[in-house]
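The values are calculated or read from the model by the stated rules, or taken from the named source; none is laboratory data. Since we're looking at a predicted model, the values are computed, not measured. Note that each Cβ is placed from the backbone with ideal geometry, even for glycine, and that neighbours are counted across all protein chains shown.
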Amino acid sequence: MSRSTVAIVGAGLAGAKTAEALRTRGYDGGVVLVGDEPHAPYERPALSKDFLIDGPLGEKILVNAEDWYDEHEVELVTGHTVTGVDPRERRLSVAGAAEIHYRALVLTTGAAPRRLRLPGADLAGVHHLRTVEDGTALYAALARRPRTVIIGGGWIGLEVAAAARSHGAEVTVLEQARVPMEHVLGARMAGVLLRAHHDHGVDVRGGVHVTALRQDGSGRVAGCAARLPTSTPRETWPTPGTRRCTDGCAWSTGTTPCTSPTRWPPRFSASTPPTTGSPTSSATSTTWGSSTRGGSNRL
Ligand SMILES: Cc1cc2nc3c(=O)[nH]c(=O)nc-3n(C[C@H](O)[C@H](O)[C@H](O)COP(=O)(O)OP(=O)(O)OC[C@H]3O[C@@H](n4cnc5c(N)ncnc54)[C@H](O)[C@@H]3O)c2cc1C
């Protein structure tokens, strides 16, 4: 393992672009890009758009062609989670693989969907949308045109609603705010967006606070209990007003940063901090520019 290596943790768009920038700007030391997903870095935006309408898009969503990494001598390690960072020793712990030593570290671990802690959240038929696997499963579900409830009327929730409608599904969006996206777009533009969704047959409900998901007899999600805008807190399922879903309850309630394994200062009890240097976005701020490419980062 080369001490000249720049280690990039998180093989998403930011990680791939960091590797690309290092190479295009002439850095010729080792670069290792580690990600816990089993794919080369890909772009997520398509997952809530064409992907849900036309189906999985294969290599079209990759940030770089798979052979780009070999061609540019970027060690791409997929399917491995970095579980710890020892900045003093400049060492990464990787689940199920050898440690990685680095000279500089870039954390590009992105974000994960915020999971609602509600009764019924793990029922069959409930989807989140973050990864290619999530998108593939959601596409397959929407293609069956299920009655679909989307919890969260942000960008992604509304995009999923549009995709579900394009399959002919009956779609309801439940949003805590009075009008979806009003806090981002302002009242006027949010009103335009709301009308567009209504015109396409999406039933958008504002001011709804979902409190639980209910199941049918087979353990599949069948409805949402919610506090409605004009009511005092109460259970609404299976009384009138409850939104029912037969297979597709997607939720899209925002994201939370992926920081836990690499929290700063992680597993760090040393009295002497690492030496400082100049790399950008580097959690350890060590010097790395003077070394040559080389050393194996094979796991
Ligand atoms: C469905 C969807 C649609 C979107 N649409 C748009 C859009 O239209 N426009 C727009 O601007 N943005 C959109 N976004 C947001 C955009 O995709 C993100 O801003 C972007 O993915 C951020 O890239 P990133 O590389 O910083 O993080 P991420 O994409 O989150 O990548 C981080 C990677 O690090 C991995 N990782 C995390 N922790 C570890 C660890 N300990 N060890 C190893 N690997 C780890 C993660 O699994 C992930 O693969 C969308 C996002 C989604 C999910």
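Listed values, structure above:
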read-out: Residue in the stretch 63-80 that is in contact with a helix residue (DSSP H, G or I) (Cβ under 9 Å, 6 or more places away or on another chain), surrounded by 15 or more Cβ atoms within 10 Å (Cβ to Cβ), under 24 Å from residue 159 (Cα atoms) and not assigned by TED's automatic domain parsing to the domain that holds residue 140 present; value: yes
read-out: Flag for residue 129 being away from the ligand (no atom under 15 Å from the Cβ), hydrophobic (A, V, I, L, M, F, W, C), in contact with a Ser or Thr (Cβ under 9 Å, 6 or more places away or on another chain) and in a loop (DSSP other than H, G, I, E, B); value: no
read-out: Subset of the stretch 132-151 [touching a residue at least 60 places away in the same chain (Cβ under 8 Å) and among the charged types (D, E, K, R)]; value: 134, 144, 147
read-out: Out of 15, 58, 96, 26, sole residue that is buried (at least 20 other Cβ atoms within 10 Å of the Cβ), farther than 30 Å from residue 223 by Cβ and among the small types (Gly, Ala, Ser); value: 15
read-out: Qualifying residue in the stretch 145-165 (condition: among the hydroxyl-bearing types (Ser, Thr, Tyr) and surrounded by 23 or more Cβ atoms within 10 Å (Cβ to Cβ)); value: yes
read-out: Strands (runs of 3 or more DSSP E) wholly inside the stretch 137-236 containing at least 3 residues that are within 16 Å of the ligand (Cβ to nearest atom) and over 22 Å from the mean Cα position of the chain (by Cα); value: none
